[in-house]
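Trainee: Okay, handing you the structure first.
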């Protein structure tokens with residue numbers, strides 16, 4: 001006898017299949033160093049990195065998507081040494097890709113951010129990682145003179161909005177400024193098997209030592 005599916009049952013089955021299709025937990029940063037900013041640069045910069053993480057949580061390759069010398073090599077070398085809790089896809093450890101976005105402020109409050117080399121696009125980002133669309137620069141805390149680098153983990157929803165921003169590597173007095181800026185970023189949402197999904201990205205904010213020009 002041929003079985004006839006009613007519309008509500010068919011919709012429910014399709015919804016369950018779609019939910020299973022996106023049963024994915026992203027790789028989560030566990031440990032890894034951040035570089036010290038060079039003292040010889042005259043401008044800020046942006047760097048976007050795609051870190052390929054295997055099923056053990058080890059970074060196997062780092063692909064430079066957007067670069068600003070000299071920051072690209074500096075941060076790519078650091079990310080190669082990071083360790084992650086591996087992603088899980090359909091309940092099993094799985095290789096994955098992680099977005100690491102770096103934003104370095106200019107090293108002087110009175111120097112325009114256009115000084116220095118402009119960022120260059122090198123590669124098209126994969127669809128399964130969130131890609132920054134709006135990169136809000138952090139304010140510079142009053143009276144902060146020495147350099148610092150802050151690492152923020154952000155949760156990005158399926159609409160590309162930041163729902164949570166946590167400081168992973170602290171560099172007082174810059175933490176609050178970095179965390180506030182991270183919450184204002186927007187992303188092209190990650191997609192898994194054609195479906196927008198919640199994801200995680202890692203934002204690095206660099207605050208070079210301020211040059212007053214006196």
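Trainee: Which of (1) at pLDDT 95 or above; (2) on the phi > 0 side of the Ramachandran plot does residue 143 not meet, given it meets every other one?
Mentor: Just one mismatch for residue 143, condition (1).
Trainee: Assigned to a helix (DSSP H, G or I) and either in contact with a helix residue (DSSP H, G or I) (Cβ under 6 Å, 6 or more places away or on another chain) or at pLDDT below 95 (or both): is that true of residue 10 in this structure?
Mentor: yes
Trainee: Say we look at the range 77-89 and pick out the residues that are touching a strand residue (DSSP E or B) at 6+ places or on another chain (Cβ under 7 Å) and farther than 12 Å from residue 60 by Cα; which of these is surrounded by the fewest Cβ atoms within 10 Å (Cβ to Cβ)?
Mentor: 85
Trainee: Which residues, taken from the range 36-67, are under 23 Å from residue 185 (Cα atoms) and at pLDDT below 95?
Mentor: Scanning the range 36-67 gives 37, 43, 44, 45.
The values are calculated or read from the model by the stated rules, or taken from the named source; none is laboratory data. All values derive from a computational prediction rather than experimental measurement. Glycine also receives a Cβ, built like all others from the backbone with ideal geometry; neighbour counts cover every protein chain displayed.
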